[in-house]
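Following: one structure in structure tokens, then a few remarks.
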Amino acid sequence: MTKPRVLISDKMDPNAAKIFEERGCDVDVITGKTPDELKEIIGQYDGLAIRSSSKVTKEILEAATNLKVVGRAGIGVDNVDIPAASAKGVVVMNTPFGNSITTAEHAIALMFALARQIPEANEQTQAGKWPKNDFMGVEVTGKTLGLIGAGNIGSIVASRALGLKMKVVAFDPFLTPERAVEMGVEKADLDTLFAKADFITLHTPLTDQTRNILSAANIAKCKKGVRIINCARGGLVDEAALKEALDSGHVAGAALDVFETEPAKDSPLFGTPNFICTPHLGASTNEAQVNVALQVAEQMADYLVNGGVTNALNMPSLSAEEAPKLKPYMALAQQLGSLIGQLQHGDLTQISIEVEGAAAELNIKPITAAVLAGFMRRFSDAVNMVNAPYLAKERGFDIREVRHDREGDYHTLVRVSVKTDIGERSVAGTIFSNGTPRLVELFGVKVEADLEGNMLYIVNQDAPGFIGRLGTTLGEADINIGTFHLGRQEAGGVAVLLLSVDTPVPAATLEAIHNLPGVKRAMALRF
Ligand SMILES: NC(=O)c1ccc[n+]([C@@H]2O[C@H](COP(=O)([O-])OP(=O)(O)OC[C@H]3O[C@@H](n4cnc5c(N)ncnc54)[C@H](O)[C@@H]3O)[C@@H](O)[C@H]2O)c1
Ligand SMILES: O=C(O)CC[C@@H](O)C(=O)O
């Protein structure tokens, strides 16, 4: 088997390359490429490991003909076009915890730097001015910290602030009252936070809801003398409004690690008294960079080599322990999805995935994604488990997942049903003890078959002599039968035949089969 190839395109701790190699990948470290240069080489790679410099745009993804995974050594994935990656079937992963402590510590460091005006005091002291009377600071003890965003980093900032004997008021629409109690913070709405906070620190992603969350109007609602810290994303604070508020003295100090446009080289904020900044250094400690590099390399190699999915933003997670257990189920699910997709008639409205027995103990999300990948092949060859759920949603299909505790005739069963404007139909399969998937039911008829290669599906009225006539028709077309599976509802009733054949069945032979007495339907299938 050829080794997966990975490109590390941003500066990253060398441990990442080492891990890729140890885990069975070939790795190239090529940093500093322009988008056009990256476009030229990206087609050779199965994986792309990045920090924030590489922009994984739609154009880059279009050129990435072999790409399976993009791994961000860090949290924010604003430099990756996730919808385009999903549509292309490329998994996007990040490392959501590796740099959280480091970034939280940077926010606290900036809070102290603001409270005691350390950067300016340092500059003037080193200029020989000894400005002892010019820098009257404020204590943080007893002050209120307004926390906007109480996720991973926000909650670490809160715990450090509480340790400094501050009060913490948090605004986060997803913060539950129980979690607020657990964190020791007061949950508040934004206006209450503005009214109470002596310091405000931001820890949200940049979204339509959070863009300019500190707008001119909101800054005006803050206490006079508030100090603002942003170590999350540029664009959360309206930089022009912040400049005005610093100039007027309404805001006593502001510290930005992130800017609306980065690299920020000529911001109007530069040179403003009581303004300090760092060049997006939130995650820049040895510890954090080792953490995120190791983590991204482990996650990406795990996906490329074993199919494990961790911290993916566009695919359900699948641990390295789960992956081997789920592998036969995913093969079965894909085959069932493909079978029902090839046989489906009418306009589809709903797909249901039911798991029963041992299958009900498993993570159903990857099974669903595999069913959809098989099913959606009827629309495009470029479908996989990553993009199938998106494409299915795009087409408005109602996807249902049902877990049954009961064990039926089989110790484990996956059933896929479709609802269309002309009715409902289902297929079901099991996993044998040797791990092979097997179809066990097709549209209500018990029929056992391995779904692989070229197959022929025939529905006929059960009658003596039919199998002989079918064999002759195939023989005359020089088509060799591999396996033969027959199921029927009752003697003389409707029978279902599934045959594996060594070569594809041409249209003329299908037509001849269709014309045999008693045949209701004949279709060539491909797995
Ligand atoms: N400066 C840096 O170098 C650096 C380093 C790491 C992370 N970051 C950034 O820090 C931010 C926070 O990271 P995290 O790991 O804590 O993320 P997280 O997902 O754990 O937390 C984000 C929190 O924001 C909350 N949120 C979402 N919408 C909100 C809204 N409208 N108002 C208030 N809260 C809202 C969410 O509920 C969540 O609790 C991200 O933007 C990330 O990219 C920056
Ligand atoms: O890689 C970096 O230095 C910044 C990372 C940070 O912005 C993140 O979102 O994790």
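Side notes on the structure shown:
- Computed on the range 315-451, with alpha-carbon pairs under 8 angstrom and 6+ residues apart, the relative contact order is 30 percent.
- Net charge, P173 excluded, C-beta distance under 12 Å - Lys, Arg +1, Asp, Glu -1: -1
- The order of L67, L486, going from fewest to most other C-beta atoms within 10 Å of their C-beta, is L486, L67.
- Exposure proxy ranking, count of Cβ atoms within 10 Å, fewest first, for F484, F259: F484, F259
- Convex hull per residue volume in Å³, alpha carbons only, for the chain: 184 Å³
- Ranking of S215, S433 by count of other Cβ atoms within 10 Å, fewest first: S433, S215
- Cα-based reach from K419 at 18 Å (exclusive), listing lysines while leaving out same-chain residues under 8 positions away: K393
- Extension gain, Q461-S284: 0.36 nm per intervening residue step, less the Cα-Cα distance, totals 56.5 nm.
- Listed by chain and number, the lysines placed with their C-alpha closer than 28 angstrom to that of K243 are K129, K132, K143, K167, K196, K221, K223, K224, K265; residues fewer than eight positions away on the same chain are left out.
- Inter-part distance where the range 461-527 and the range 244-317 are each reduced to a Cα centre, Å: 62 Å
- Here is the list for the range 301-403: GluC sites (Glu not before Pro) lying in DSSP coil, each with at most 11 other C-beta atoms within 10 angstrom of its C-beta, are E321.
- Charge sum, other residues only, whose C-beta stays under 15 Å from A121's C-beta, Lys/Arg counted +1 and Asp/Glu -1: 0
- Viscosity 1.002 mPa s, 20 °C: Kirkwood-radius Stokes-Einstein D of the range 1-140 over Cα pairs, µm²/s: 121 µm²/s
- Distance cut-off 20 Å, percentage of C-alpha pairs in the range 118-273 lying past it: 51 percent
- Pairwise FRET efficiency - E424 versus D266, Cβ, R0 = 56 Å, nearest 0.05: 0.30
- Net charge of the neighbourhood of I364, taken over other residues with C-beta under 9 Å away and scored Lys/Arg +1, Asp/Glu -1, is +1.
- Set of aspartates and glutamates with alpha-carbon distance to K39 below 16 Å, sequence-local pairs under 8 removed: D10, D28, E59, E62, D81
- Taken over the alpha carbons of the range 315-451 as equal point scatterers, the Debye sum produces base-10 log I(q)/I(0) values at 0.12, 0.19, 0.21 Å⁻¹ of -0.41, -1.07, -1.32.
- Whole-angstrom gap from the range 333-396 to the range 1-69, using each part's C-alpha centre: 30 Å
- Here the chain carries DSSP beta bridges of which approximately 50% are antiparallel, counting only pairs with both residues inside.
- Taking 7 Å steps out from each Cα toward its Cβ at N274 and E511 produces label points 8.6 nm apart.
- With R₀ set to 60 Å, the beta-carbon distance separating N66 from K132 gives a calculated FRET efficiency near 0.40.
- Stretch gain in nm, segment T125-T436, where the contour uses 0.36 nm per residue and the Cα spacing is subtracted: 104.5 nm
- Extension gain from E394 to D191, taking 0.36 nm per residue of separation minus the Cα-Cα distance: 69.3 nm
- Test item: Cα-centred dipole of the chain, Lys/Arg +1 and Asp/Glu -1 on Cβ, debye: 700 debye
Here, each number is a calculation from the coordinates, and none is a lab measurement. As the structure is a prediction and not an experimental result, all values here were calculated from the model. FYI the Cβ positions are ideal-geometry reconstructions off the backbone, even for glycines, and counts take in every protein chain you see.
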